[in-house]
Amino acid sequence: MKYYIESLGCAKNTVDSERFAAILDSYHIKETHEITEADIVLVNSCAFLLKALGELDDALCEIMDIMEGKKYKLIVTGCVTKRALKTFKEFFPEVNKWVMLKDFEGFEQYLKRYVFPKNAVRKPVPIRHDLSDGQYVYLRIADGCDNHCSYCMIPSIRGPMRSVPIEELVKEAKAMTHAGQELCLIAQDTSMYGMDIYGEKALPRLIEELLKIEEYKWIRVLYMHPDHFEMSWLKLWKENPKLLPYFEIPIQHVSPHIIHEMNRKKSYVLLTKLFEGIINELPNAVFRTTLMVGYPSETKEDLLLLDKFMQEVEILHTGVFAYSPEKELVGYDDEGYRFDWASRQTLEVKYAKKVFTLKEKKVEKMIGKTFDAIVEGYDHDHGWLYGRLWFQAPEVDGILIFEGKPKSENTQVKVEIVHALPDYFIGRFI
Ligand code: SF4
């Protein structure tokens, strides 16, 4: 038997998908990247935004079209089971099983009862099945969130923050060294790691343990909330080169009244102080952030302040989202809710263009400079090697194409940038 996994949403969802895949592996079911060969199709859904529910809707329609007439089991799990499940069950009666969020036990029980032959033998389950085709491993250090930002559904979908004990994380990280040389620490808010189980922020303690795992050449910390990041932690980055000076700090906005209404704290002055403070300590630090434009009370002055901040603070990677009334539209098919989507869309596109233009100028200055990079694979269609520069996080910051062939099989290399576009670099091996 073969299985096909469609993992939607964020990296935290990918970790769940890898756990579901590991259960299938333990029953000798093989993964296929060709859906038409699959006996089991598992869709791990995202429900963070209405847009994501729309993507799930499209994905299920497409799968059922492709698989029409074939004998297979369609199983859906993930965040939709915590938001809009009733609606999707009505929309998609063809789905054989809806597995609740992270209900690994329930998934296995269903397979044993309705899918696997009675004499199916189970071998020990590996922690996770690596679903990525790159040189990186996501380590989800906590799940859930206690921050309750005004626009966010995550706390109601994933619940309160639950950190994973350091020993378990070290064990998981060691078990996944075969999957890549880069370890990416993820959670909804990595900077609050440990508060629930150790009564204090324990991110530095965790990092110190993970730094001891030699197989990982790079460690990257993602999703650090600006209100909870501690400047005292920079010492760890200064003393450990394999801890990449890559800081993903989502700010959402800089206007004081909007930040206050979002139930967040740091705005223009303190955010400027935070980013400049990090740069003073680590001059080669690189930042990723996200902006949310179109918040109901947003004014022209607020956007001018945001423009001023983006001009003043050197942020390389910026994701832009339009405000969406998620809390008002908990359901998926709430007819009649009046919301000006069009103006938000226009604003999102306008700011995406702005940050793209800003980034174009920044990457141009990189041409002729040398950077550490990682070789991740060979593109047979184009006949070139590809990978990422150290300041490119997996899946979000674009790709590096290598010119020529490396002298050794080593995946850690140095390159000189010969061509640079915002998310597309060409590097010559040094
Ligand atoms: S910190 Fe992130 S996940 Fe948590 S409530 Fe805010 S936006 Fe949502």
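The table for this structure:
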{"quantity": "Listed peptides 423-429, 74-80, 32-38 by packing density, highest first (mean Cβ within 10 Å)", "calculated": "74-80, 423-429, 32-38"}
{"quantity": "Sum of -39500 (n - 2.57) over DSSP H runs of 4+, divided by residues of the chain (222 nm, nearest 500)", "calculated": "-10000 deg cm²/dmol"}
{"quantity": "Heavy-atom accessible area per residue - the stretch 212-331, 1.4 Å, Å²", "calculated": "42"}
{"quantity": "Added length on full extension, which subtracts the Cα-Cα distance from 0.36 nm per residue, residue 64 to residue 162", "calculated": "31.7 nm"}
{"quantity": "Calculated FRET efficiency for the pair residue 177/residue 121, C-beta based, R₀ 35 Å, to 0.05", "calculated": "0.80"}
{"quantity": "Too-long pairs where the Cα-Cα distance tops 20 Å, listed order kept, from 30/89; 51/82; 308/369", "calculated": "30/89; 308/369"}
{"quantity": "For the chain: relative contact order, % (alpha-carbon pairs under 8 angstrom, 6 or more apart)", "calculated": "11"}
{"quantity": "Where a label projected 7 Å from the Cα of residue 114 along Cα→Cβ would reach, residues of the stretch 74-101 with amide N under 13 Å", "calculated": "74-77, 93-100"}
{"quantity": "Estimated dipole of the stretch 136-364 in Debye, rounded to 20 [Cβ of Lys and Arg +1, of Asp and Glu -1, Cα centre]", "calculated": "520"}
{"quantity": "Cα centre as origin, Lys/Arg/Asp/Glu Cβ charges: the chain dipole, Debye", "calculated": "620"}
{"quantity": "Using a Förster distance of 30 Å, the FRET efficiency for residue 300-residue 360 (Cβ separation, nearest 0.05)", "calculated": "0.75"}
{"quantity": "Extension reserve of the residue 341-residue 307 stretch, reckoned as 0.36 nm per residue once the Cα distance is removed", "calculated": "10.0 nm"}
{"quantity": "Lone cysteines, the chain (no partner Cβ under 4.7 Å)", "calculated": "10, 46, 61, 79, 145, 184"}
{"quantity": "Among the listed pairs 242/361; 123/242; 118/174; 362/405; 265/354, those beyond 31 Å (Cα-Cα)", "calculated": "123/242; 118/174"}
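The values are calculated or read from the model by the stated rules, or taken from the named source; none is laboratory data. Just so we're clear, the structure is a prediction, and the values are computed from it rather than from any experiment. Here Cβ is always computed from backbone atoms with ideal geometry, including for glycine, and neighbour counts include all displayed protein chains. Protein only, heavy atoms only, side chains kept; ligands, DNA and RNA dropped before computing areas. Shrake-Rupley method; radii C 1.70, N 1.55, O 1.52, S 1.80 Å.
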